[in-house]
Amino acid sequence: MLQVEGLHLKRGSNDVLHGIDLDLSPGQVVGVLGPNGAGKSSLLGVLCGELAPDRGHVSLQSRPLADWAGQERARRLAVLPQVSSLGFSFKVEEVVAMGRMPHDTGQRQDAEIVQGALQAADAAHLVGRSYLALSGGERQRVHLARVLAQLWPGEEGTTLLLDEPTSMLDPLHQHTTLEAVRRFADCGAAVLVILHDLNLAARYCDRILLLESGRCHALATPQEVLTPVALKAVFGIDVLVQAHPERGHPLIITR
C-alpha cells in the first residue's frame, strides 16, 4: 500500500498541493480528476519519489518511500508518465522487456511475462516492429505493457501509477487499456490513474480523488464524487448525472 499523509508541495513560490491525505489499497483503482493546473501530475511526481514534498509523508508498505533502494522499489512500484519516449530503434518486445530489469527471474520467465503484458495491453500484434515506426497510440500501449511487465502479475504489494494513459488512444483502446488496469487491480495491485474523461473514471475506478487548485475537493466513490454540484464547482460545467442503464455507475452528460 502507498500512503500519503499531510502532503504539501511548493514549486518556486507557488503552493501546488495542500494537505493531501490518500491511501492506495490493494485491489483498488483510484482515479485522479481535476482541471489543468490542479496538481494531478505533481501528486504523481511525489508518489513516485521524483518530487520531494515540503511537508508530509509518503510511505510504501509502511516504510518511507525515500528509504527504498532503487531496484527494491522498482519491484513494487511502477510509473507510466504522461509522455514516454525512446530515441533508439528497439523492437517492441525489447522495450517491454525493460520492465523486467529490476528482477532476476531468468530469460524464459521474462519472455513469458513480456508476452502476457503485451497481450494485456492489446499490443501483442506489434511484436517484431521497431518502436520508432509505431504511431503515438501504439507507443503508449507498448509503454503500458512495459510497466505491467515490471509488476507482473499485479499481486498484492505492488503499486501502479499512471498519468493519463488514455490520452492518445482511440475509444476502443481507451477501454482496453483501462480494462487491463482494472484486471491488474483485481489481481491485488494498488492502482492510481490520472484521467480527464469523467465517464471513463466513473466506469473503471473504485474511488475518485477530485483535485481543485491543489486541494482535495472530494475523495470517495464515483457515485459520491461525480455530482452536478461538485463538477460545477471544480470544472465549471453544468451536467446531468444518471445511472448507467446497464452497469449502474454514474453517466455524466454535459448540458
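For the reader, a short list of remarks on this structure follows.
- Selection from the range 30-75 of residues that are among the hydroxyl-bearing types (Ser, Thr, Tyr) and either loosely packed, with under 13 Cβ neighbours inside 10 Å or within 17 Å of the chain's Cα centre (by Cα) (or both): Ser41, Ser42, Ser62
- Hits in the range 42-55 (condition: small (Gly, Ala, Ser) and farther than 20 Å from Thr158 by Cα): Ser42, Ala52
- Pairs with Cβ under 6 Å, 6+ apart, first in the range 184-196 and within 17 Å of Pro222 (Cβ to Cβ), second in a loop (DSSP other than H, G, I, E, B): Ala185/Gly27; Ile194/Glu164
- Selection from the range 102-145 of residues that are in a loop (DSSP other than H, G, I, E, B) and polar (S, T, N, Q): Thr105, Ser135
- Residues within the range 155-173 that are crowded, with 24+ Cβ neighbours inside 10 Å and either at positive phi or among the small types (Gly, Ala, Ser) (or both), tallied: 0
Residue-wise test of (1) within 30 Å of Gly19 (Cα to Cα); (2) touching a residue at least 12 places away in the same chain (Cβ under 8 Å); (3) surrounded by fewer than 16 Cβ atoms within 10 Å (Cβ to Cβ).
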{"position": "Leu77", "(1), (2), (3)": "yes, yes, no"}
{"position": "Ser89", "(1), (2), (3)": "no, yes, yes"}
{"position": "Asp122", "(1), (2), (3)": "no, yes, no"}
{"position": "Val142", "(1), (2), (3)": "no, yes, no"}
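Every read-out reported here was derived from the displayed coordinates using simple, explicitly stated rules and does not represent laboratory data. Since the model is a prediction, treat every value here as computed from it, not as a measurement. Positions of Cβ are generated from backbone atoms using ideal geometry, with glycine treated the same way; all protein chains shown enter the neighbour counts.
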